[in-house]
Amino acid sequence: MNKPAHPLMLELQEGFAGVRKDLSQARHLPGIVYTSDEIAALEKDRIFMKSWLCVGRVEELANPGDYMALRIVNEPIVVARDDDGKIVAYMNMCLHRGVEVAFGQGNARSFRCPYHAWNFDVGGNLIAAPWMKESGHDMSGSQLPRLKSAEWRGWIFVNFDADPEPFESYIAAYDKELWYYRTGDCKLAHKLVIDVNCNWKFITENLLDWYHASTVHAGTFGRYYKLGRDKLPAKLLPRGGSSIEFDAKSRSNDPNLPFPKLPWLADHDVFSAKGAIFPNINFWSGSDSLRMWHLWPTATDKTRAVCYILLPETSFATPDFDAKMKQYTSYVEAVATEDRAALESLQRGVSSPRYQPGVMSQLEVMVHHLMNHYVDALQT
Ligand code: FES
Ligand SMILES: [Fe+2]
């Protein structure tokens, strides 16, 4: 028997029907999906707790004992390289009363719960529980609850679902299309963290929105983009994903490009590409570097955007590397600052009871595709 639809979903049907129309007739998502705490809870349950989520790079956990304590959609987790050199993920939630046992990032032999001092190894196995022998519990073999994890092109993914779709079948379509996104041949050069006062979906959409580039980004890369074309050569991938390769001639010739050309783009004079993997990943390849954005909701109207900047090993030997990376990150920050004003204004707009979703441009084809999958995912 089908489970009964959530009452909010029934209320939203008209708005969702607008999103589902052909792009030429479609409207944007109803405002409530960006403002409602109830929708945010449904998203957590139906999207984030079921999806493969990218939580970091393998080189962030280079040695046994390396770990990162993260809060993913407010769920405390640890990702670590255990004593056998394997990457593992588990809930950061003491087996006694649920207190977090690991903090920050670093290298450790074990974690000691700060509440009653139960001890866990970096693989998440209980190794000691003071004064518990006397109470007669057999705790041998106890482990912090494990999460499924997988690696792809140097990225670490986790899944909160106990029985998720196998990672290999989930990633297959992306793996084939993203030939240029060779992050397995790169290393993390820098990580930027930016907090924005808007719902996480606004940023996932904005990063695929070609329509705004020449206005919002007139001060940075927008001047390189000509908006004469009315159709984007985008490839629409399964589950709301997308990919687009385009001409970025002016930017490739920009003397400000700090790093050498990516070796696998030797035959490409003017290459740039960008795309998305649902729910919260946006990636980009330029001529000299790769970037991946992760968008994490921290509240219904707040998002933490994490930008991983990657370079091939050879580029780390670029003269004046630190100064060039500083110049590079200031550029990324300048672009993000241009977006911030629009994103925070969008949030104020949808918060008004007078807000009505508008129609879409052909330049919003990737946004439309993403929204359609979102509507599906929210209702399953
Ligand atoms: S909550 Fe961790 S030892 Fe009690
Ligand atoms: Fe932008």
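Only the coordinates and a few stated rules stand behind these numbers; no lab work does. Here the structure is a predicted model, which means the values were calculated and not measured. Here Cβ is always computed from backbone atoms with ideal geometry, including for glycine, and neighbour counts include all displayed protein chains.
Can you classify the chain as rounded, prolate or oblate using the Cα gyration tensor, where a ≥ b ≥ c are the square roots of its eigenvalues, rounded means a/c under 1.5, and otherwise it's prolate if a/b beats b/c and oblate if not?
Taking the square roots of the gyration eigenvalues as a ≥ b ≥ c, the chain is oblate.
When only Cα pairs under 8 Å and 6 or more residues apart are kept, what is the percent relative contact order across the stretch 281-345?
Numbers: 47 pairs, mean separation 12.8, N = 65.
Relative CO of the stretch 281-345 lands at 20 percent.
Could you work out how far the C-alpha centroid of the stretch 17-31 sits from that of the stretch 301-351, in angstrom?
With the stretch 17-31 and the stretch 301-351 each reduced to a Cα centre, they are spaced 30 Å.
In degrees between 0 and 90, to the nearest 10, how far off the longest principal axis of the chain does helix 365-378 point, with axes built from Cα atoms?
So the inclination is approximately 30 degrees.
Could you pull out every one of the aspartates and glutamates with an alpha carbon less than 18 Å from that of Lys235, ignoring same-chain neighbours closer than 8 positions?
Here the aspartates and glutamates satisfying the reach criterion relative to Lys235 are Asp22, Asp175, Glu177, Glu205, Asp209, Glu245, Asp247, Glu364.
Just list whichever of Lys191/Lys326; Lys86/Lys191; Lys191/Lys274; Lys50/Lys187; Lys148/Lys176 have alpha carbons separated by over 21 Å in the model shown.
Lys86/Lys191; Lys50/Lys187; Lys148/Lys176
Work out the FRET efficiency for Arg354 and Asp195 from their Cβ-Cβ distance, taking R0 = 30 Å, and round it to the nearest 0.05. Don't jump to the answer; show the numbers that get you there.
On the way: r = 28 Å, r/R0 = 0.93.
Result of the calculation: an efficiency of 0.60.
According to a simple spin-label model (label point 7 Å from Cα along Cα-to-Cβ), what is the distance in nm between His137 and Arg71?
For Arg71 paired with His137, the spin-label model returns 2.6 nm.
Which FRET efficiency, nearest 0.05, do Ser345 and Lys231 yield, Cβ-Cβ r, R0 45 Å?
0.95
Averaged over every viewing direction, what's the projected area of the C-alpha convex hull for the stretch 233-365? Give it in nm², one decimal, please.
Projected over every direction and averaged, the Cα hull of the stretch 233-365 covers 10.2 nm².
Using the alpha-carbon atoms, what tilt in degrees (0 to 90, nearest 10) does helix 7-20 show relative to the longest principal axis of the chain?
Around 40 degrees separate the two axes.
Between Trp179 and Glu333, 0.36 nm times their residue separation minus their Cα-Cα distance comes to what?
52.7 nm
Obtain the radius of gyration and the Kirkwood radius of the stretch 80-187 from its C-alpha atoms and give Rg over Rh.
Taking Rh as the inverse mean 1/r over Cα pairs, Rg/Rh reads 1.08.
For a test of the definition: using alpha carbon positions, the gyration tensor, and the 1.5 limit on a/c, classify the stretch 169-210 as rounded, prolate or oblate. Kindly include the intermediate steps, with their values, before the conclusion.
On the way: a/c = 2.52, a/b = 1.41, b/c = 1.78.
Because a/c hits 1.5 or more and a/b fails to exceed b/c, the stretch 169-210 counts as oblate.
Return one number: the angle in degrees, 0 to 90 and rounded to the nearest 10, between the long axis of the Cα atoms of helix 321-350 and the longest principal axis of the Cα atoms of the chain.
80
Pop the C-beta distance of Val99 and Gln379 into the FRET formula with R0 = 51 Å and round what comes out to the nearest 0.05.
About 0.90, to the nearest 0.05.
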